[in-house]
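The values are calculated or read from the model by the stated rules, or taken from the named source; none is laboratory data. Here the structure is a predicted model, which means the values were calculated and not measured. For neighbour counting, all protein chains shown are included, and Cβ atoms are generated from backbone atoms with ideal geometry for every residue, glycine included. Ligands, DNA and RNA are stripped out before the accessible areas are found, and what is left, the full protein with its side chains, is counted by its heavy atoms. Shrake-Rupley method; radii C 1.70, N 1.55, O 1.52, S 1.80 Å.
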Amino acid sequence: MGNSGGTLTARSTGELHPLMRAAGFTGVDGTQTLADGWQVTDFADAERRSLANLVEKTGAPAVMVCFLDSDLGVVEALTPDGTGWKGLLNRQMADGYEIPLGKFPVEPAVAGALGGSAAAGLTPDEEAVRRTLTGSALFAEELSTTLLTALGVAGAGWPPVA
């Protein structure tokens, strides 16, 4: 059991790769361009403050999901004003990774997701966000894409578009 990288979804007018590297992300590779300036980029690892550094550099909100063997996704989102939220994807797998569910309560994550999406000018779907944060899938990456759609990021449907 170990980390299998992650994805970063951010709004940016330019290429995210150099900004991500400068913010402390490593193994930055592949970008999927979505609607309205949103981009999804894969990474191998991130430093503790990588997300905050990137949001500061872009001046735009971002959602980071770190995957553990594709079984579990740890979600962290942040807006430029410093408002953020955390959640889990595939919560039922948390016990196998010794992650206490109490550190990732669902309702504060849903509220944070809705507020962060609205602040980013998106139209989130509250029930879809809640279902995604409490649901399960064979691969956490599927839930990650579903979460982006639920948050209102246009063009983020499953399967991902190249």
Q) Since Val110 meets every condition but one in (1) under 23 Å from Phe25 (Cβ atoms); (2) surrounded by 19 or more Cβ atoms within 10 Å (Cβ to Cβ); (3) among the aliphatic types (A, V, I, L, M), which condition does it not meet? A) (1)
Q: Looking only at segment 93-104, decide whether some residue is within 25 Å of Leu16 (Cβ to Cβ), open to solvent by 20 Å² or more (accessible area, probe 1.4 Å) and either out of contact with any Lys or Arg (no Cβ under 6 Å at 6 or more places or on another chain) or of a type outside the set (Gly, Ala, Ser) (or both).
A: no
**Q.** Which listed residue, of Gly84, Gly121, is in contact with a strand residue (DSSP E or B) (Cβ under 8 Å, 6 or more places away or on another chain) and among the small types (Gly, Ala, Ser)
**A.** Gly84
Q: Would you mind finding the one in Asp125, Asp81, Asp45, Asp71 that is in contact (Cβ under 8 Å) with a residue 60 or more places away in the chain and either open to solvent by 10 Å² or more (accessible area, probe 1.4 Å) or of a type outside the set (D, E, K, R) (or both)?
A: Asp71
Q: Check segment 7-22 and report whether any residue there is among the charged types (D, E, K, R), open to solvent by 20 Å² or more (accessible area, probe 1.4 Å), part of a loop (DSSP other than H, G, I, E, B) and out of contact with any Leu (no Cβ under 9 Å at 6 or more places or on another chain).
A: yes
Q. How many residues are closer than 20 Å to Val74 by Cα and assigned to a helix (DSSP H, G or I) if we restrict to segment 23-44?
A. 1
(Q) Just the residues that are open to solvent by less than 10 Å² (accessible area, probe 1.4 Å), over 10 Å from Phe25 (Cα atoms) and not small (Gly, Ala, Ser), please, taken from segment 48-66. (A) Val55, Val65
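Within segment 128-145, track down each residue that is open to solvent by 40 Å² or more (accessible area, probe 1.4 Å) and either assigned to a helix (DSSP H, G or I) or in contact with a strand residue (DSSP E or B) (Cβ under 8 Å, 6 or more places away or on another chain) (or both). Full working, then the answer.
Within segment 128-145, the first condition is being open to solvent by 40 Å² or more (accessible area, probe 1.4 Å), and the residues that meet it are 130-131, 134, 136, 138-139, 141-142.
Matches in segment 128-145: Arg130, Arg131, Thr134, Glu141, Glu142.
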